[in-house]
Amino acid sequence: MKNLIFTLLFALFAVLTVQAQTFSLSADTAWVAGPINVDDIETHIDIVNLINSARDIKWERTELVLNPVGMPISDLYTQVCDANACWGGATSSKTFVLDAGATVPMIVHLRNFTGQAANTVVQLKFTDLAFPDNPDFAYYFLDASLTGTHDLPAADVQLFPNPVVESFTLTNSEDVARVRVFNTDGRLVLDAAAQPANVYMLKDQPAGHYAVVLAAQNGKTFQVIPIVKN
C-alpha cells in the first residue's frame, strides 16, 4: 500500500512539473550594437507556447544598467513590445495572452535622443500566471555607442561552473576590467575590478537567478551572462 501511495504521489509530482513547463524562451540573452547617432536600436527573444491552450503571461522589466544616468525619461528610455503593444519606460509590467502553440517575439528597444553614447541591460521576467512560482528570465544588452569597427571586445568570455555554488571563474577574459553581478530585483550584489585569478565569490548570496555584467577597460559593457546560484 505504501508503495502504491508513493507511486501515485510521484506520478502527480511529475504531471505537475510537466504542466508547469508551459512556455519556453528561444534564448536567455540577446545582444545588439549600433552607432552612436542612431536613436532606436532593438533586439528580441521569442517566447513559445508549448501546450495546446492559451496562457496568460506576465512580463516584468528591470533595467539593470541604463547609461548615461540621470537623463530625462523623454530623452533616454527602453521600450518593451509584446503581443499587444509597445510599452515605454513608465510601464514596468504587463500581461498578455500567448495563444495555443504561438510564438511571439519579445522585443526590447533602446530609444536614445541624448546625442551621446548610450547602453542598457534589461532583464525581463516571464511568468505563466497559473504557475507563479516557475518564472523564466531573459537579458537584453543594447549598445548605441559605436564610433568605429573595434569599439567593443568580442562577447566570448566563458563562465563556470553554472549553476554556481560559492564562486565562479571567468576564462577568455583578457578584456574584462570590471565584473558586476545583479540579482533579479536589480540590486547590485557584487562590483569588483578584474581579479588576477579570475575567481569571484557569491557564497553569501541566496539561491536564485543573477546576471553577470562585464565591462571593458573603456568602461563599456560588452557581455551579459545569466547564472543560477544554488
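What follows is calculated from the coordinates using simple rules that are stated; it is not laboratory data. Since the model is a prediction, treat every value here as computed from it, not as a measurement. Cβ: placed from backbone, ideal geometry, glycine included. Neighbour counts: every protein chain shown.
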- Note on the structure: Over all viewing directions the Cα convex hull of the range 77-230 casts an average projected area in nm² of 10.9
- Query: Which whole number of Å³ per residue matches the convex hull of the alpha-carbon atoms in the range 47-138?
  - Reply: 89
- Which of the lysines could a cross-linker span from Lys229 if the Cα-Cα distance has to be under 29 Å and same-chain partners fewer than 8 positions apart are dropped? Lys58, Lys94, Lys125, Lys203, Lys220
- Item | Charge sum, other residues only, whose C-beta stays under 11 Å from Thr22's C-beta, Lys/Arg counted +1 and Asp/Glu -1 | -2
- Rounded to the nearest 0.05, what FRET efficiency is calculated for Lys203 and Thr171 with R0 set to 22 Å and r the Cβ-Cβ distance? 0.60
- If one computes the Cα centroid of the range 125-177 and of the range 41-66, what distance in Å separates the two points? 17
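I need the Kirkwood Rh of the range 24-79: take the reciprocal of the average 1/r across all distinct C-alpha pairs and report it in angstrom. Before the final figure, lay out the partial values.
Values: mean 1/r = 0.0690 Å⁻¹.
Evaluated over the range 24-79, this radius sits at 14.5 Å.
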- Summed over the other residues with a beta carbon less than 11 angstrom from that of Ala155, with K and R at +1 and D and E at -1, the charge totals -3
- Query: According to a simple spin-label model (label point 7 Å from Cα along Cα-to-Cβ), what is the distance in nm between Asp191 and Val97?
  - Reply: 4.5
- Task: Specify the residue with the greatest mean-square fluctuation among Lys94, Lys203, Lys125, computed from a Gaussian network of the chain linking alpha-carbon atoms under 10 Å apart.
- Result: Lys203
- Item | Reciprocal mean inverse distance between Cα atoms of the range 100-164 - Kirkwood radius, Å | 15.5
- What's the angle, to the nearest 10 degrees (0 to 90), between helix 2-20's Cα axis and the longest principal axis of the chain? 40
- Which of Gly115, Gly89, Gly34 moves the most in a Gaussian network model of the chain with Cα springs under 10 Å? Gly115
- How much mean residue ellipticity at 222 nm does the chain get from its helices, if each DSSP H run of length 4 or more adds -39500 (n - 2.57) and you divide by all residues, to the nearest 500 deg cm²/dmol? -3000 deg cm²/dmol
- Query: What is the local net charge at Pro35, summed over the other residues whose Cβ is closer than 11 Å to its Cβ (Lys, Arg +1; Asp, Glu -1)?
  - Reply: -3
